[in-house]
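Note sheet for the following structure.
Quick note: the coordinates plus some simple rules give every number you see, no bench work behind them. This one's a predicted model, so the numbers in the text were calculated from it and none came from an experiment. Reconstructed Cβ throughout: ideal geometry from the backbone, glycine too, with neighbour counts over all protein chains shown.
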Amino acid sequence: MYEGIIHKYRKYLPVTEKTPVISLNEGNTPLIRAGYLSSLMGRGFEVYLKFEGSNPTGSFKDRGMTMAISKAREEGSAAVMCASTGNTSASAAAYAACAGIKCIVLIPSGAIALGKLSQALIHGAVVLAVDGNFDAALELVREITARYPITLVNSLNPYRIEGQKSAAFEICDSLGASPDFQVMPVGNAGNITAYWKGYKEYRQAGIIKTLPRMLGFQAAGSAPIVLGRPVKNPKTIATAIRIGNPASWKQAEAAREESGGLIDMVSDREILDAYKLLAAKEGVFAEPASAASVAGLLKLKKSRYFSRQAGSNVGGIPSKTGKKPARIVCILTGHGLKDPDRAIKSVREPKIVKPDLKVILKEIGY
Ligand SMILES: *Cc1c(COP(=O)(O)O)cnc(C)c1O
């Protein structure tokens, strides 16, 4: 029986026999070959989607939370706290409930998707909507957890990063090697930090021989790393990456530099187009922030980034020499059902018809 990432990757994680494992069997998410995107990319490339929406609470945050809550429990903590654009609070609330620990959440008022809010509430967290943005909420959480015996479970908590790196292990285990490129959304930048750490550790252990180029994408209205300065009032429909001053900024830059990758931005228009394409062409429903990875992939294709990589020592490029295709993994960080309002707004609502056979046959073209 599969029992979650701590059991599976125990030897790479800071746990002992004394650590009580609080798990909802997170991880083991599908790596899906993306037929439509692969054909768009053309010969010499294969695109895969790491669908993190199939974690227990619907986002990758569960990988970090199983570690953070297990360690909080080991340390005898009675309460945990986080600031959240939604998914962290959903995950913290679920794992805290499972552990029997109190969970306190600060969310930016009016700026989180309804699915995520409903999760935090139904799992019994104390939820306070702060009249301010995520960065302000995180600052408050840092102050409170520094002063009171409450464990901070944002990605500043090093155990979060430790747990999240398991996704990189899974990708390598599935492919039997490192991918050549990894494309992902960047918000508070904990996840890009975690993946890069995971890949490096797997290479250190001799399981993979190469490392991927890390290609991170922020939303254009909240792209502090791309601009090189904090953004006071971050704006984007992709609420999970609406962050103006990322906590792991330096580590994200290190991942970019060390891997020979890049961190760029995509517009909300590009994000929504990728969001719809994923659902309609690949059959995968991811939330808008997740679609930033595919929006980034398409932007890089347009700018001929990948063909310019030919001749570099990356992976299997170029295909003309008969080498294996270069493998690109796009991380889909969260499930589309988190934000059904956005989905409905992005398409035409169903037409209302009479319950009449003739009318319906006419409508469907028969
Ligand atoms: C948290 C989150 C992100 C951003 O991850 P960071 O570690 O903050 O960069 C992206 N997408 C989704 C769905 C998230 O929940």
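Couplings 3J(HN,Hα) of region 15-20, computed from phi: 10, 10, 5, 7, 6, x Hz, in residue order, whole Hz [Karplus 6.51 cos²θ - 1.76 cosθ + 1.60, θ = phi - 60°; x for Gly and Pro]. For A220, the residues whose amide H sits under 5 Å from its own are V266, S267, D268, ignoring neighbours fewer than 5 places away on the same chain, with H placed 1.01 Å from N. Across region 248-262, coupling constants 3J(HN,Hα) worked out from phi with the 6.51/-1.76/1.60 Karplus curve, θ = phi - 60°, read 9, 3, 4, 5, 5, 5, 5, 4, 4, 5, 5, 8, x, x, 7 Hz, and Gly and Pro carry x.
Comparing K276, K116, K18 in a Gaussian network model of the chain where C-alpha atoms under 10 Å apart are linked, the largest mean-square fluctuation is found at K18. Computed 3J(HN,Hα) for region 325-334, one whole-Hz value per residue from the Karplus formula 6.51 cos²θ - 1.76 cosθ + 1.60 where θ = phi - 60°, is x, 6, 9, 10, 10, 9, 8, 9, 5, x, glycine and proline marked x. Amide H to amide H, which residues 5 or more places from F45 or on other chains are under 5 Å from it, using H placed in the peptide plane? Long-range HN contacts for F45: A326. Applying a DSSP loop filter and a limit of 13 other Cβ atoms within 10 Å to the GluC sites (Glu not before Pro) in region 44-106 leaves E75.
So, counting K/R as plus one and D/E as minus one, what does the shell of residues with Cβ under 15 Å around K50 add up to? Net of charged neighbours comes to -4. Divide by every residue of the chain the summed helix terms, -39500 (n - 2.57) for each DSSP H run of at least 4, and state the resulting mean residue ellipticity at 222 nm, rounded to the nearest 500 deg cm²/dmol. Roughly -12000 deg cm²/dmol at 222 nm, from the helical runs in the chain. Potential lengthening of the chain between D131 and K324 amounts to 64.3 nm, from the contour at 0.36 nm per residue minus the alpha-carbon distance. Between V80 and K102, C103, I104, T151, the built amide H atoms are under 5 Å apart, and every one of these is 5 or more places off in sequence or on another chain. Spin-label pair I344-K276: with each label point 7 Å from Cα along the Cα-Cβ axis, the two points sit 1.8 nm from one another.
Beyond 31 Å in Cα-Cα separation lie the following of the pairs K11/K61; K165/K299; K8/K345: K8/K345.
Here is the list for region 194-237: trypsin sites (Lys or Arg not before Pro) lying in DSSP coil, each with at most 15 other C-beta atoms within 10 angstrom of its C-beta, are K209, K232, K235. Other residues whose C-beta falls under 10 angstrom from the C-beta of L300 contribute a net charge of +4, scoring Lys and Arg +1 and Asp and Glu -1.
Divided by 2.2 N^0.38 Å, where N counts the residues, the Cα radius of gyration of region 253-304 comes to 1.23. The share of Cα pairs per 20 Å bin across the chain, counted from zero up to the longest distance, runs 30, 56, 13, 1 percent.
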